[in-house]
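Peer 1: After the structure tokens below, expect a handful of questions from me.
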Amino acid sequence: MWGFFGVLVLIMVASFALWVRIAPSDPERWHIPLTFDGNRDLEGGAMRILRGQADRLAELDAIAQATERTEALAGTVEEGRITYVTRSQLWGFPDYTTVDTSGGDLRLFARLRFGKGDMGVNKARLDGWIAALKA
């Protein structure tokens, strides 16, 4: 009897792990204009504004593209907005980071897709990209 439940739990965990890795990422949901006006830390992400830094999008794109397990989901430097997907190492959870050049500023929004909290992972990645840009 317990063997059956053990196998059932194992199947459920494996199914969830597979879903997390293969769930489609809809650009219409994640690649959105950013309109916030200030820096904020969120339970599952962070928002940052770099005033007057819109001309540095190409540099930030290179930093993001060099980040492990990160790839562009939508957008280009020429478009002025790029959304990246970064996957966690163990489970492959997708996190989304959008960088937008509206109004001459760089706006960055990193957020999780699954769950409510990310243990500061998105904030740390965002602040790391900004530190690399400033270096």
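The values are calculated or read from the model by the stated rules, or taken from the named source; none is laboratory data. Being a predicted model, the structure only gives us computed values, none of them experimental. Cβ atoms come from the backbone with ideal geometry, glycine included; neighbour counts cover every protein chain shown.
Peer 1: Looking at (1) surrounded by fewer than 16 Cβ atoms within 10 Å (Cβ to Cβ); (2) modelled with pLDDT of 95 or more, can you tell me which one GLY117 breaks?
Peer 2: Tallying (1) surrounded by fewer than 16 Cβ atoms within 10 Å (Cβ to Cβ); (2) modelled with pLDDT of 95 or more, GLY117 fails exactly one: (2).
Peer 1: Of the numbered conditions (1) modelled with pLDDT under 95; (2) in contact with a helix residue (DSSP H, G or I) (Cβ under 7 Å, 6 or more places away or on another chain); (3) closer than 20 Å to ARG48 by Cβ, GLY103 satisfies every one except a single condition; which is it?
Peer 2: Of the numbered conditions (1) modelled with pLDDT under 95; (2) in contact with a helix residue (DSSP H, G or I) (Cβ under 7 Å, 6 or more places away or on another chain); (3) closer than 20 Å to ARG48 by Cβ, the odd one out for GLY103 is (2).
Peer 1: Could you please find all residues in the range 58-91 being among the aliphatic types (A, V, I, L, M), over 17 Å from ASP127 (Cβ atoms) and either surrounded by fewer than 17 Cβ atoms within 10 Å (Cβ to Cβ) or without any contact (Cβ under 8 Å) to a residue 12 or more places away in the chain (or both)?
Peer 2: ALA58, ALA62, ALA72, VAL77, LEU90
Peer 1: Taking ARG29 as meeting all but one of (1) exposed (fewer than 14 other Cβ atoms within 10 Å of the Cβ); (2) out of contact with any strand residue (DSSP E or B) (no Cβ under 7 Å at 6 or more places or on another chain); (3) touching a residue at least 12 places away in the same chain (Cβ under 8 Å), write down the number of the exception.
Peer 2: Exception for ARG29: condition (3).
Peer 1: Could you tell me which of the residues ARG21, ARG51 is touching a strand residue (DSSP E or B) at 6+ places or on another chain (Cβ under 9 Å) and modelled with pLDDT of 95 or more?
Peer 2: Residue meeting the stated conditions: ARG51.
Peer 1: Would you be able to tell me the number of residues in the range 70-89 that are assigned to a loop (DSSP other than H, G, I, E, B) and under 19 Å from GLY128 (Cβ atoms)? Before the answer, list the steps.
Peer 2: In the first step, residues of the range 70-89 are kept if they are assigned to a loop (DSSP other than H, G, I, E, B); the result is 77-80, 88-89.
Remaining after also requiring under 19 Å from GLY128 (Cβ atoms): 88-89.
Matching residues across the range 70-89 total 2.
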